[in-house]
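Everything on this sheet refers to the single structure shown next.
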Amino acid sequence: VLPLPLLPLQSLRCGEDLRQKKCCRESVGTDGSCTNPSELLVDRAPCQNDDLVQQIPLGLKETGNELLLTPLETLGSGHIVPMLPALPTPTRNARNGAKSGAPSEGLVKVLNGKWFLQSNERPICDIWNLEIYFDPETSLKDTLHYLRIEEGSAVSLRMNGQLLSGEVSVDAQPRIRWKHGETWIKKCTPVPAALKATVEDLVGSGSVLVATFGLECLDGELADRCHELGGGAGANIPEAEIAEALQRRKFPSDVILDARMFPDPDAALLTRHSGRHHLIITRLCQHRNFGWWLQHAKAQFRKALHRQEKRGIGPMGPKISVAVYCRRGKHRSVAAACILKHIFLTEGFRCPEISHLSYAHWRNCCKMQCAECLQPPEELQVQLHHAYKHWSELP
């Protein structure tokens, strides 16, 4: 009896049926038999667990006129079974490609923060939960990369088509020493002592409620006032009147912000979306008035924290309500509110879903239900991170 040639190694996916097989057309002889058993292919339906791939040594077993792919460990006597070592079962983490098993929490915390080039101490990037946001001064400012933790303190980064490998040193000043010769160092900006016992103690220990609305469609009284003053686009309504309208809508606000100073006539093609669309948020972040508006928003927010500090803070920390408005409460106020929510969450505040008080009046737009608004690209996180960085650098 001629020995059967053995299939050295194949990859079996979860739920694979070994009995389903076929030969490639070039390997079928005139009698219908397979002339090249090593090219046996496996037919199967996709499995939901295909991310888990197990390497199993396989051989061929003859049963009558059929050749079956069979795990070597199940082949009995009379068959040629090579001594092959058992192979590991690698699995991949869906986010950063690391092997199974959660990365060390301690190492992730060490990596979180602002990193600089050791050679010239220029800022290179911010790392947050293995996401790398490169500094706006670099050519990679609009890209998002992921750091991968390998074994121990080894890390890797795929960038510009190259795989960079390095080692993290955990000491007084953490470093990433890359094998190509570059070294990144982490620096922590100290908080001035004068600020430690006041407002800074409140940051990240409470909650922020964010709402949007339009001057022309919050309630009837405010809409009539806008009409008297020529429309909501340019009406100069005292903040006290706006606060009263918000009270009538059961949303008393500590901070009221005007988002009408972001005119964008070139964004006409985006009006079918709400302000949650990533391009509307991006254009607002890059608007010439954004820096001034963000500085004003932070100043108002800090004043609200001071007022709560004087009144006394409850056990759950401060609770601040922020209302952002534009003419119709559909585009500019929504985009600005999305930016603020990201900032508040990054600072550690609890921040539930944004309340859109004029949502019932939204017309001719997707109402945040289209695929583009529900599944924004990663570039949106880059823009939001830059906005937070701008906020954090403001006085």
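Candidates in segment 363-384 are the residues that are within 19 Å of F213 (Cα to Cα) and among the charged types (D, E, K, R); of these, the one that is surrounded by the most Cβ atoms within 10 Å (Cβ to Cβ) is K367.
Kindly check whether there is at least one residue in segment 341-362 that is aliphatic (A, V, I, L, M) and open to solvent by less than 10 Å² (accessible area, probe 1.4 Å). Taking every residue of segment 341-362 in turn, at least one turns out to be aliphatic (A, V, I, L, M) and open to solvent by less than 10 Å² (accessible area, probe 1.4 Å).
None of D266, D254 is without any contact (Cβ under 8 Å) to a residue 12 or more places away in the chain and closer than 28 Å to C285 by Cβ except D266. Looking only at residues of segment 237-251 that are in contact (Cβ under 8 Å) with a residue 40 or more places away in the chain and open to solvent by 10 Å² or more (accessible area, probe 1.4 Å), we find that the one that is farthest from P318 (Cα to Cα) is R249.
Take I281 and decide whether it is out of contact with any strand residue (DSSP E or B) (no Cβ under 7 Å at 6 or more places or on another chain) and surrounded by 12 or more Cβ atoms within 10 Å (Cβ to Cβ). Write out each step before concluding.
Numbers: out of contact with any strand residue (DSSP E or B) (no Cβ under 7 Å at 6 or more places or on another chain): yes; surrounded by 12 or more Cβ atoms within 10 Å (Cβ to Cβ): yes.
For I281, the condition - out of contact with any strand residue (DSSP E or B) (no Cβ under 7 Å at 6 or more places or on another chain) and surrounded by 12 or more Cβ atoms within 10 Å (Cβ to Cβ) - is met.
Contact map, segment 369-395: first residue under 24 Å from R288 (Cα atoms), second residue open to solvent by less than 40 Å² (accessible area, probe 1.4 Å) and of a type in the set (D, E, K, R), Cβ cut-off under 8 Å, separation 6 or more or different chains; pairs are Q381/E131; H385/D126; K389/D126; W391/K298; L394/K298. Out of E353, E393, one residue alone is acidic (D, E) and more than 19 Å from V208 (Cα to Cα). It is E393. With respect to the conditions (1) modelled with pLDDT of 90 or more; (2) closer than 19 Å to L279 by Cβ; (3) not hydrophobic (A, V, I, L, M, F, W, C), E372 lacks only one, and its number is (1).
Inspect all residues belonging to segment 241-254 and state whether any of them is at pLDDT below 90 and of a type in the set (A, V, I, L, M). Within segment 241-254 (the criterion being at pLDDT below 90 and of a type in the set (A, V, I, L, M)), the answer is no, since none of the residues qualifies.
State yes or no: is W391 farther than 16 Å from S274 by Cβ and surrounded by fewer than 21 Cβ atoms within 10 Å (Cβ to Cβ)? Spelling it out, W391 is indeed farther than 16 Å from S274 by Cβ and surrounded by fewer than 21 Cβ atoms within 10 Å (Cβ to Cβ). Given the condition closer than 23 Å to C351 by Cα and out of contact with any Lys or Arg (no Cβ under 9 Å at 6 or more places or on another chain), answer yes or no: does some residue in segment 207-226 qualify? Scanning segment 207-226 turns up no residue that is closer than 23 Å to C351 by Cα and out of contact with any Lys or Arg (no Cβ under 9 Å at 6 or more places or on another chain). For segment 238-248, the condition of being part of a loop (DSSP other than H, G, I, E, B) and either at positive phi or of a type in the set (V, I, T) (or both) holds for none of the residues. Which residues, counting only those in segment 317-346, are under 15 Å from P263 (Cβ atoms) and either part of a helix (DSSP H, G or I) or without any contact (Cβ under 8 Å) to a residue 40 or more places away in the chain (or both)? Those that are under 15 Å from P263 (Cβ atoms) and either part of a helix (DSSP H, G or I) or without any contact (Cβ under 8 Å) to a residue 40 or more places away in the chain (or both): R332, S333, A335, A336.
For segment 213-236, which positions are in a loop (DSSP other than H, G, I, E, B) and either in contact (Cβ under 8 Å) with a residue 60 or more places away in the chain or open to solvent by less than 10 Å² (accessible area, probe 1.4 Å) (or both)? So that I can check it myself, show each step before the final result.
The first filter runs over segment 213-236 and keeps only residues in a loop (DSSP other than H, G, I, E, B), leaving 218-219, 229-236.
Once the filter is applied, which keeps residues that are in a loop (DSSP other than H, G, I, E, B) and either in contact (Cβ under 8 Å) with a residue 60 or more places away in the chain or open to solvent by less than 10 Å² (accessible area, probe 1.4 Å) (or both), segment 213-236 yields L218, G231, G232, A233, A235.
Identify all residues within segment 284-317 that are touching a strand residue (DSSP E or B) at 6+ places or on another chain (Cβ under 9 Å) and either within 25 Å of Y359 (Cα to Cα) or of a type in the set (K, R) (or both); write none if there are none. Once the filter is applied, which keeps residues that are touching a strand residue (DSSP E or B) at 6+ places or on another chain (Cβ under 9 Å) and either within 25 Å of Y359 (Cα to Cα) or of a type in the set (K, R) (or both), segment 284-317 yields W293, A297, F301, K303.
Select from segment 99-134 the residues that are of a type in the set (G, A, S) and either over 28 Å from Y388 (Cα atoms) or modelled with pLDDT of 75 or more (or both) and list them in ascending order. Walk me through how you get there before you give the answer.
Narrowing segment 99-134 to residues of a type in the set (G, A, S): 100-102, 104, 106, 113, 119.
Result: S100, G101, G106, G113, S119.
Scanning segment 169-189 for residues that are farther than 11 Å from Q118 by Cβ and touching a residue at least 12 places away in the same chain (Cβ under 8 Å) yields S169, V170, P174, K179, H180, C188, T189.
Within segment 186-212, the set of residues being at pLDDT 90 or above, open to solvent by less than 30 Å² (accessible area, probe 1.4 Å) and aliphatic (A, V, I, L, M) comprises V208, V210, A211. Across segment 268-278, the qualifying residues are those that are assigned to a helix (DSSP H, G or I) and touching a helix residue (DSSP H, G or I) at 6+ places or on another chain (Cβ under 6 Å), and the one among them that is surrounded by the fewest Cβ atoms within 10 Å (Cβ to Cβ) is L270. Entry remark, segment 120-166: residues being part of a loop (DSSP other than H, G, I, E, B) and farther than 18 Å from V108 by Cβ number 14 in total.
The values are calculated or read from the model by the stated rules, or taken from the named source; none is laboratory data. Values in this document were obtained by computation on a predicted structure and should not be read as measured data. Virtual Cβ from ideal backbone geometry, glycine too; neighbours counted across all protein chains shown. Only protein heavy atoms, including side chains, enter the accessible area calculation; ligands, DNA and RNA are left aside. Shrake-Rupley method; radii C 1.70, N 1.55, O 1.52, S 1.80 Å.
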